[in-house]
Amino acid sequence: MSRSFILFLASVAAMAALVCPRQAFSDQAASEGYRLRPGDTLEITISGEPAYSGTFLLGAAGTILLADGAVGEIPVVGLTLEEAKTRMQESLAEYLKDPAVSVRITKFRVTVSGEVQNPGSYEITAGETVMDAINRAGGAKREIALARVELTRATEEKILLEPQGFLEKGDNSQNLLLQPGDEVLVGRSELGEEYKVSGAVKFPGSYPVSRTQPPRLFDALEAAGRWTEEADPRRALLIRKDGGQTTIDLSALDSQPGNILNLPLAAGDEIFVPRKTTQITVQGGVNNPGEYLVEESTTFLQAVGKAGGLKSDAILKECVLVRAKPQGKWLQVDLEKVLRKGDMKANPVVQDGDMLWVAEREPARPRRDAWDVIRNTIAPVLWALSL
């Protein structure tokens, strides 16, 4: 399902919500536990007094001016709707007899964060829903992100939603009406309801676990964009939350999604897709000789770099690659052609089990004078003849 199609479905659903009784906006729900903030828009009605009534946007000062300021500034930021109503009645009592005041919030700001294109604070009109806020923030970056949305109310109540269910099945219980003070966290949850996909995949990261339809291995790989070219899907690991590990051949699973190995995932699980590796041995004129794991397509020169680079006494023209398969095959390698002439044909790609040897100059022998020859060669012979 493309993001543009998701946005289309959301807009259709939003239009349907306008005529759906279940989606009627509730002043009581909006006011419960919420204290007025700058950026809120209030609709204030004074019964029988249209000059004092109207729509007012709360600015940074947090006050409202009724009847063009005739009543003076009335501070309301930080108050509940009921407290704001009482304060207005007290202020108006000096000018009106028994003023009947009603107050409701018509617009407010909601914070949208997580896996959306443009996280931030957005103005919401009373009656709009969670998906409206997500669309206001540019929509979800990935379809899978809509499998887990955390809605935090002003009362600090946390509600886990799956807007995917709303988009695919029209389940309005997964697309709640927004209330003042709401915060929408898309694709992640502070409650830890996530699994991870790591290693050689296109989009490594954490993904939400759907409560209604737990994901399986194949679903998780699709969400992560599948594996990359350098991956070795035959040696993937499923790492459970309790530490247990299972090796999975994803290439077999790819051709048979109904395979028994297409295991369900739970929160805390991780799928690790390793990169292709080759084990080689590098000896001779390198700074750190030894065994190394390198990625496939690694060349002789890159392997030398892995082993710490060439020593100062290395002989570039006299290097050897011993192939394990076929056993015992020797390849002469001239690194001088590679480094000084750019001849990449002289730089073979290593294979699993290869042994690389770089020649190095022997240390210069000390010059021997006549006495040294007599002492170390002739003297021992004369001593043996005298026995």
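General observations
- Filtered residues of region 88-100 (kept if surrounded by fewer than 15 Cβ atoms within 10 Å (Cβ to Cβ) and either under 20 Å from residue 180 (Cα atoms) or among the aliphatic types (A, V, I, L, M) (or both)): 93, 100
- Conditions (1) exposed (fewer than 14 other Cβ atoms within 10 Å of the Cβ); (2) more than 16 Å from residue 282 (Cα to Cα); (3) at pLDDT 60 or above; number of the one not met by residue 381: (3)
- When region 170-185 is limited to residues that are part of a helix (DSSP H, G or I) and more than 26 Å from the chain's Cα centre (by Cα), the one that is nearest to residue 159 (Cα to Cα) turns out to be 173.
- For region 112-142, filtered to residues that are of a type in the set (Val, Ile, Thr) and closer than 28 Å to residue 54 by Cβ, the residue that is surrounded by the fewest Cβ atoms within 10 Å (Cβ to Cβ) is 125.
- Of the residues screened, residue 207 is not one that is touching a Ser or Thr at 6+ places or on another chain (Cβ under 8 Å) and among the aromatic types (Phe, Trp, Tyr).
- Residue count for region 218-272 satisfying the condition of being in contact (Cβ under 8 Å) with a residue 40 or more places away in the chain, assigned to a strand (DSSP E or B), under 23 Å from residue 147 (Cβ atoms) and aliphatic (A, V, I, L, M): 1.
To keep it simple, each residue is scored yes or no on (1) surrounded by fewer than 19 Cβ atoms within 10 Å (Cβ to Cβ); (2) of a type in the set (Phe, Trp, Tyr); (3) more than 22 Å from the chain's Cα centre (by Cα); (4) assigned to a strand (DSSP E or B).
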| residue | (1), (2), (3), (4) |
| --- | --- |
| 104 | yes, no, yes, yes |
| 110 | no, no, yes, yes |
| 145 | no, no, no, no |
| 166 | no, yes, yes, no |
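- Test: residue in region 366-374 that is modelled with pLDDT under 90, in a strand (DSSP E or B), aromatic (Phe, Trp, Tyr) and exposed (fewer than 15 other Cβ atoms within 10 Å of the Cβ): no
- In this structure, residue 247 does not qualify as assigned by TED's automatic domain parsing to the domain that holds residue 323, β-branched (Val, Ile, Thr), in contact with a Leu (Cβ under 8 Å, 6 or more places away or on another chain) and under 24 Å from residue 351 (Cα atoms).
The values are calculated or read from the model by the stated rules, or taken from the named source; none is laboratory data. Predicted model, so just to flag it, every value in this text is computed and none were measured. Cβ atoms come from the backbone with ideal geometry, glycine included; neighbour counts cover every protein chain shown.
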